[in-house]
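The values are calculated or read from the model by the stated rules, or taken from the named source; none is laboratory data. Here the structure is a predicted model, which means the values were calculated and not measured. Here Cβ is always computed from backbone atoms with ideal geometry, including for glycine, and neighbour counts include all displayed protein chains.
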Amino acid sequence: MQNIHSKTTSPKNLNGIAIEDYHITTEPFYVSTGNEISLFESAYRLKMPVLLKGPTGCGKTRFLEHMAWKLSRPLVTIACHEDLTASDLVGRYLLRDNETVWQDGPLSLAVKHGAICYLDEAVEARKDTTVVIHPLTDNRRILPQEKRGLLLEAHPDFLLVMSYNPGYQSVMKDLKHSTRQRFLAIDFTYPPSKEEQAIVMEEGQVDENTAERLVKLGEMVRNLRQQGLEEGISTRLLVYAGRLISDGVLPKEACQAAVTRAMTDDMELQEAITEIIAGIF
């Protein structure tokens, strides 16, 4: 295969989307809960791929958006699913205007132009698809475009990031050890009370008292995992409840919509959550 350095490529794909379109222009609101920012900055400087581990809605994506803004790098996000193919990532030949033309996939675009490429919930992709990223996660830092007979050398600023919810996955849907051992891992969980309250106040646009009650609701609902709730309530859902309240919806109704019915279809668990809501509001 012929090696192609990233500087020789065009700044646009065939859809006319410039890499600048992937830049985050305003600072995303993010509350740090540990050393995750400094750890990510070190990984970026050292060109180490990063795995963000944690439950749904705990802030992994917002953290990465904040870091892309902080590092002034474009962020290319790929939502992984079981039908995702290697061609979806790398690119494919298309027929346009009676000509066969090559269109880069999002991974190729990120590799060429030094973006942060984010594979969201990477475990949802087929294992034969995620193998394509392996040459990017070691000292080679290359991406084969086999259909073109090319090897793309990653831009010096390129960084590969994946997210993963270890508590949600089944045995059949887990990261291969040959994949996960290529990544530096940063653990995420639900923020401590004060930090979560600050997030709910800012993102939900509610006052301090309402934010405090919503965070208390979150803590109590998370305790229901011992009674069969599959996963604890995310900070995202608490923010949704806050937004409904700030829009004039009654607190109990907002929490029923954003928490009770969103969390579970189990009638007993719904009744337990409803009782918690009634006690808090």
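In the range 173-180, the condition of being assigned to a strand (DSSP E or B) and assigned by TED's automatic domain parsing to the domain that holds residue 33 is met by no residue. Are any of the residues in the range 124-133 more than 30 Å from residue 225 (Cβ to Cβ), of a type outside the set (A, V, I, L, M) and in the same structural domain as residue 30 (by TED's automatic domain parsing)? So far as the range 124-133 goes, yes, one or more of its residues are more than 30 Å from residue 225 (Cβ to Cβ), of a type outside the set (A, V, I, L, M) and in the same structural domain as residue 30 (by TED's automatic domain parsing). Note on the range 229-245: residues that are surrounded by fewer than 21 Cβ atoms within 10 Å (Cβ to Cβ) and more than 23 Å from residue 266 (Cβ to Cβ) amount to 1. Between 75, 84, 64, the distinction of being within 17 Å of the chain's Cα centre (by Cα), of a type outside the set (D, E, K, R) and over 25 Å from residue 150 (Cα atoms) belongs to 64 only. Note on the range 109-140: among residues that are in a helix (DSSP H, G or I) and hydroxyl-bearing (Ser, Thr, Tyr), the one that is farthest from residue 40 (Cα to Cα) is 129. Screening the range 265-275 for residues that are of a type in the set (A, V, I, L, M) and touching a helix residue (DSSP H, G or I) at 6+ places or on another chain (Cβ under 9 Å) and picking the one that is surrounded by the most Cβ atoms within 10 Å (Cβ to Cβ) gives 273. Condition first: under 27 Å from the mean Cα position of the chain (by Cα), closer than 17 Å to residue 201 by Cα and assigned to a loop (DSSP other than H, G, I, E, B). Now tell me which residues in the range 234-276 satisfy that. The one that is under 27 Å from the mean Cα position of the chain (by Cα), closer than 17 Å to residue 201 by Cα and assigned to a loop (DSSP other than H, G, I, E, B): 234. Note on the range 31-108: enclosed strands (runs of 3 or more DSSP E) holding 2 or more residues that are basic (Lys, Arg) and out of contact with any Leu (no Cβ under 6 Å at 6 or more places or on another chain) are 91-96. Candidates 258, 262, 278, 211: the one that is surrounded by fewer than 21 Cβ atoms within 10 Å (Cβ to Cβ), under 22 Å from residue 55 (Cα atoms) and of a type in the set (Gly, Ala, Ser) is 262. Between 71, 14, 75, the distinction of being out of contact with any His (no Cβ under 9 Å at 6 or more places or on another chain) and at pLDDT 85 or above belongs to 71 only.
A quick yes/no check of all residues on (1) surrounded by fewer than 20 Cβ atoms within 10 Å (Cβ to Cβ); (2) not charged (D, E, K, R):
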residue: 35; (1), (2): yes, yes
residue: 39; (1), (2): yes, yes
residue: 45; (1), (2): yes, no
residue: 48; (1), (2): yes, yes
residue: 51; (1), (2): no, yes
residue: 57; (1), (2): no, yes
residue: 63; (1), (2): no, yes
residue: 67; (1), (2): no, yes
residue: 71; (1), (2): yes, yes
